[in-house]
Each structure stands twice: as C-alpha cells, then as structure tokens.
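Here the structure comes first, spelled out in structure tokens, and everything after it is commentary.
Values in this text are rule-based calculations from the coordinates and carry no lab data. This is a predicted model, so every value here is computed, not measured. Quick reminder, even Gly has a Cβ in these numbers, built from the backbone with ideal geometry, and neighbours come from all protein chains shown.
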Amino acid sequence: MRNLCKPERLNKKKIIEKVFAGGSRSFSIFPLRVVWMPVEELDAQASILVSVSKRHFKRAVKRNRAKRQIREAYRLNKQPLLDTLFEARCRVAIVFIYLADELMDSSVIESKMKTALARIAEKVSAQG
C-alpha cells in the first residue's frame, strides 16, 4: 500500500463547497461523521478531506494526531471502496469529520472506518 497521493486529497474549494452546499449524503459512525457525494470532475476515484474541530482540540498536536489516525485508517482500508467505484465508473468526494472530544485508539477508528467505507461502497453499487 502506498501513501495518499495528491489527487486523493480533496483541496479544490469549489468541490468542497459543493459537498457542503447540499445534495451530498452523510451519516455518522461515532467518532466519525462522513459526508460524501459523487463528483465527476475529480482526478482520483475517491478524494478525501479530514476535519478535526478546534473547539474539541485546542492543541494542534492533538488535532494533527486525530487527522493522522483517520488518514491512516482510510489508507489501509480504501481498496474495496476503490474497486467498487472503478466497477461503477464513479468518482466520489469524501469528508471525514472527527466528532469525539478526546483522542481514540487507532484500532477503534480503523474499525469505524471499515464500516463507513463499506457503507459508501454499498450505496455506490446500489446506485450504479
């Protein structure tokens, strides 16, 4: 497995605004809230954005740790989702928002990430 490459990071302001403006789907699997939407103008099958609230974590060190855990959990478990997206010829923008107000164990985040990615894959295959 490789790291997240540049196209896999969601950083185009227009697309981010489009995801939050409406028309996107979202669900929560504590400690994550997942907002996603099919977007055709992406370079990768799936592009992600990770957000951790400054209100919950005043220190950047803790925010960065939470983001790192989420990115790593995604990286390790993204393949089944990417396969489903490839078969459905679909591209999605995914935003992960960390809801908990304290850091969690990486294994907990990883198990929730597996569930979240499976749910997105299920919805995409049902659409296509």
Item to check | Label assignment, Cα Rg over 2.2 N^0.38 Å derived from the structure, set (1) 1.11; (2) 1.76; (3) 1.00 | outcome: (3)
Checklist outcome for this item: Once the dipole of the chain is set up from charges on Cβ (+1 Lys and Arg, -1 Asp and Glu), the residue from the list P31, Y74, A60 lying farthest towards its positive end is A60
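Are there any trypsin sites (Lys or Arg not before Pro) in segment 62-106 that are in a DSSP loop and have at most 13 other Cβ atoms within 10 Å? List them by number. Walk me through the numbers on the way to the answer.
Working: sites: K62, R63, R65, K67, R68, R71, R75, K78, R89, R91; in loops: K78, R89, R91.
For trypsin sites (Lys or Arg not before Pro) across segment 62-106 that sit outside H, G, I, E and B with at most 13 neighbouring Cβ atoms in 10 Å, the list reads R89.
Counting only other residues whose beta carbon sits under 10 Å from that of R91, what net charge do I get with K and R as +1, D and E as -1? Kindly include the intermediate steps, with their values, before the conclusion.
Working: positive: R89; negative: E40, E41, D43.
Once positives and negatives cancel, what remains is -2.
If neighbour count is taken as other Cβ atoms inside 10 Å, put F20, F96 in order from fewest to most. Write down the numbers at each step before the final one.
Numbers: F20 13, F96 26.
With the fewest neighbours first, F20, F96 line up as F20, F96.
Pairs of Cα atoms under 8 Å, at least six residues apart: use those to get the relative contact order of the chain, whole percent.
Values: 187 pairs, mean separation 43.7, N = 128.
For the chain, the relative contact order is 34 percent.
Under a Cβ-only charge scheme (Lys and Arg +1, Asp and Glu -1), can you give me the dipole magnitude of the chain about the Cα centre, in debye to the nearest 20? Walk me through the numbers on the way to the answer.
Details: 27 positive and 13 negative charges, 135 e Å.
Using Cβ point charges on Lys, Arg, Asp and Glu, the chain gives about 640 debye.
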